[in-house]
Structure formats: C-alpha cells, structure tokens
1. Check cross-link reach from Lys96 to the aspartates and glutamates: straight Cα distance under 16 Å, and skip same-chain residues fewer than eight apart.
2. Hey, in the GNM for the chain with a 10 angstrom Cα cutoff, which one of Lys96, Lys55, Lys107 fluctuates hardest?
3. Arranged by the count of other C-beta atoms within 10 angstrom, fewest first, what order do Met125, Met151 take?
4. Quick one: length gained pulling Asp211 to Arg108 fully straight, 0.36 nm per residue minus the C-alpha distance?
5. Based on DSSP H runs of at least 4 residues, each adding -39500 (n - 2.57), what is the mean residue ellipticity at 222 nm of the chain after dividing by all its residues, to the nearest 500 deg cm²/dmol?
6. Going toward the positive end of the dipole of the chain, with +1 on Lys and Arg Cβ and -1 on Asp and Glu Cβ, which of Phe128, Val29, Ile178 do you reach last?
7. Fewest Cβ neighbours within 10 Å first, please rank Leu139, Leu171 accordingly.
8. Determine the distance separating the Cα centre of the stretch 119-162 from the Cα centre of the stretch 8-77; give it in Å without decimals.
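No lab work stands behind these numbers, since they all come straight from the coordinates. Not measured: the values here are computed from a predicted model. Here the Cβ positions follow ideal geometry from the backbone for every residue, glycine too, while neighbour counts run over all protein chains shown.
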Amino acid sequence: MKNNTGHIGGLPERTAATLREIANAAVDVSLEVKTPITITLHELFSQISDKARRKIVRDWQWPSVGETVIYRIGHEDEHLLQAMAAAGKRLCDDRKVAQEQHKEEQKRIKAKGDNATKIKRPFEMAKFNGYVEGETSALYIGQSHSTTSRMEWHLGVTNPSAYALHFLRWLPEYDKKILDMSIKVELWTVPRTSPTLHERIAQAFEDQLWDECKPLFGKQGAH
C-alpha cells in the first residue's frame with residue numbers, strides 16, 4: 001500500500017488523528033506546580049554590575065536545566081498590567097520610528113558602497129499585543145528548557161538578540177514607577193510521559209494558557 005504521507009489528499013483526516021492522539025496523551029499528564037517566584041525589579045535596576053544582576057536572578061530558585069517548564073508572568077495584577085500596557089505602547093511606537101530610521105541609514109550606507117559599516121539593531125523585543133480590559137490577564141506566557149537563562153533574557157540582563165521582554169533595556173526610560181513593583185512568575189513542569197509526543201503536548205498546554213490569558217506581550221505557538 002502506497003504511503004500518502006506528505007500528500008494533501010487525506011491531510012485533514014491525518015491531522016485530526018494526530019490531534020486526537022495528542023489530546024488522549026495530554027489528558028493523563030499531571031503538571032507539577034513549582035513554587036512561584038516574585039521578582040523584585042528594584043534589585044535589578046539599581047546601580048550594580050551585570051554580573052551582580054545575573055547572580056540575583058540565578059539565586060532565585062528556578063527549575064533545573066532540561067526540565068520542560070511552562071511559565072506565566074504577571075498574572076491577574078491589573079495595576080501592573082495597565083502600567084506595562086501604557087509603557088509598552090510608547091515603546092512600540094518609538095521602535096517603529098527607530099526601525100524606519102535604521103532601514104534608511106542602511107540604505108544610505110549601501111548607496112555609499114561602505115559594506116564594512118554596520119548599524120547596530122535594537123534589541124529583539126517580544127511582540128506587543130495591547131491591553132484588552134476583561135481579557136488580558138498576564139504579561140507573558142512561555143515555555144523553556146532552561147528557565148534561568150530565559151528569565152535573564154526577559155529581565156534584560158543578557159542576550160539582547162533573544163526574543164524576550166528585556167525589561168532592563170527599556171523600563172527605566174518609559175516608566176520608573178514600575179520599578180517599584182514586583183512581578184510574580186508561576187511555573188509548571190511537564191513530565192515526559194510520552195517520548196514521541198512530549199514537545200507537542202507541552203506546546204498544546206502553553207497554547208491553551210495563552211488563549212485563556214491573552215498576554216500583553218509575546219506570540220502564540222512555538223517560535
């Protein structure tokens with residue numbers, strides 16, 4: 001019998017079968033609730049070295065490297081969400097202008113034939129989705145196998161090229177009052193109950209949480 005894998009014919013049926021398999025496996029998974037971590041921003045935004053900031057972040061008790069972790073930042077903190085929404089909107093508008101200026105400068109350099117000069121790109125900020133009253137209930141929802149490093153990126157301590165929140169790189173300029181707030185991070189580990197479907201089950205959990213919380217920043221799905 002000829003294998004129709006990769007053919008459009010029968011694709012909806014094959015997709016439905018795969019989704020049923022994921023659903024059947026997911027329903028038996030028991031997520032492990034980790035102790036929430038409260039991030040005190042003023043510790044990180046004080047006049048200390050990047051090395052000291054990394055130590056502060058690493059001293060918080062994050063799950064071990066290798067564990068599949070789904071995390072939610074800033075859930076149901078309306079004061080924080082609204083303040084972040086206002087600051088994020090201003091940042092988003094300014095970044096659009098900066099990106100256009102970056103493009104024009106690159107064109108100017110190219111026209112001069114100067115291939116050696118490069119203009120530094122802005123940090124890779126997570127997408128701003130906007131605040132919808134009654135729907136938006138989290139800052140960000142994500143998944144990681146190295147939660148400590150991921151949180152360093154979100155806080156803006158390391159790796160400006162990562163898709164993340166990068167708080168340190170913009171919050172002091174846009175709303176210093178937010179620096180006096182605390183941000184709760186909730187974490188759940190996904191046990192490896194299926195060697196073949198583990199990643200897809202974890203992604204399904206993350207996507208469901210994303211649908212329910214409509215986070216202020218980020219994209220739904222793997223990226």
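1. Counting by Cα, and skipping residues close in sequence, Lys96 has these aspartates and glutamates nearby: Glu104, Glu105, Glu124.
2. With Cα springs under 10 Å in the chain, the top fluctuation among Lys96, Lys55, Lys107 is at Lys107.
3. With the sparsest Cβ surroundings first, the list reads Met125, Met151.
4. 32.8 nm
5. -14500 deg cm²/dmol
6. The one lying farthest along the dipole's positive direction is Phe128.
7. Final ranking by Cβ density, sparse to dense: Leu171, Leu139.
8. Centre-to-centre (Cα) distance: 12 Å.
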